[in-house]
1. Using a/c under 1.5 as the rounded threshold, could you call the stretch 130-221 rounded, prolate or oblate? The axes a ≥ b ≥ c are square roots of the C-alpha gyration tensor eigenvalues, and prolate needs a/b larger than b/c, oblate otherwise.
2. Pull up all non-local amide H partners of L52: gap of 5 or more, or a different chain, and H-to-H distance under 5 Å with H placed in the peptide plane.
3. For the chain, with the dipole built from +1 on Lys and Arg beta-carbon atoms and -1 on Asp and Glu ones, taken about the Cα centre, which of G64, T233, G162 lies farthest toward the positive end?
4. Expressed as an acute angle from 0 to 90° and rounded to the nearest 10, what is the orientation of the C-alpha long axis of helix 29-44 relative to the principal long axis of the chain?
5. Spelling out what I want: for every residue of the stretch 251-257, take phi, set θ = phi - 60°, compute 6.51 cos²θ - 1.76 cosθ + 1.60 (Karplus), and round to whole Hz; glycine and proline get x.
6. Can you bin the stretch 201-252 into rounded, prolate or oblate? Criterion: square roots of the alpha carbon gyration tensor eigenvalues sorted a ≥ b ≥ c, rounded for a/c under 1.5, prolate for a/b above b/c, oblate for the rest.
7. I'd like to know how the chain sits against the 2.2 N^0.38 Å rule of thumb: what's its Cα Rg over that expected value?
8. Given a 1.4 Å probe, how much area per residue of the chain is accessible, in Å²?
Amino acid sequence: MTQSSVKTERRGAVLEVTLDRPKANAIDLETSRIMGEVFRDFRDDPELRVALLTGAGEKFFCPGWDLKAAADGDAVDGDYGVGGFGGLQELRDLNKPVIAAVNGICCGGGLELALSADIILAADHASFALPEIRSGTVADAASVKLPKRIPYHIAMEMLLTGRWLDADEAARWGIVNHLYPGDRLMAEARAMADQLASGPPLVYAAIKEIVRDAEALRFQDAMNRITKRQLATVDTLYASEDQLEGARAFAEKRDPVWKGK
């Protein structure tokens, strides 16, 4: 399916989402709203288990906000649609894995979009930066997320100077999970998506809710919420057929068959 600047393809339980806005895959308000609808529908579709996000071409993943569109009247604080910028940053209750396959330049809001995924794979020619400082604005989502993901001083250097990281350095600091030659990136990303799609969706949902919920809690408070089944996904998991199936499959020395219920 194609919605102007966003292409989607269902591949079994995997949804591939390709940002395709020549020349650089920058995101304007309309594109952001389309992406929000795509990821909302992914979240709500019981047949889909994993999303894979990438950019069209080999040069750009996404440079973030479309400054040309802004110059033509798109307000930087306009209506980005459900899920906020790029459809992922603020999408509530997204309890399914999302993989970002970074195929080139990934900067500004594009890096913030990648940081909204659960796993980041990248081509070995990809590059990363937060250049907002040079245009007198703030990388707001990255200011919240990046110092929690990588060493504080590295995050602050990126935010305060806007300097670029090549793929090797991004991997070294933990921004990227794995690097691949450009011609292998999508094959490797699809293989990981297929691996996740074959896994237990109720467990994935519980993991993602626990991680979100625990971010602002002390360890014991978070554990108490889990063990007392105060999280909806954990309560669903503990009462599910899949929970029993996992134990049975282990006892019977066979692969489990996950039904997501």
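1. Numbers: a/c = 2.50, a/b = 1.20, b/c = 2.08.
It comes out oblate by the Cα gyration axes.
2. L15, E16, V17, I99
3. Going by the charge dipole, the pick is T233.
4. Tilt of helix 29-44: around 10 degrees.
5. 5, 8, 6, 9, 6, x, 10
6. Numbers: a/c = 2.54, a/b = 2.30, b/c = 1.11.
Note, shape of the stretch 201-252 comes out prolate.
7. On the way: Rg = 19.0 Å, N = 261, 2.2 N^0.38 = 18.2 Å.
Here the answer is 1.04, to two decimals.
8. Ligands and nucleic acids excluded, the figure is 51 Å² per residue.
The values are calculated or read from the model by the stated rules, or taken from the named source; none is laboratory data. Source: prediction; values computed, not measured. Ideal geometry is used to build each Cβ from the backbone, glycine not excepted, and the neighbour counts take in all protein chains shown. For accessibility, only protein heavy atoms count, side chains too; no ligands or nucleic acids. Shrake-Rupley method; radii C 1.70, N 1.55, O 1.52, S 1.80 Å.
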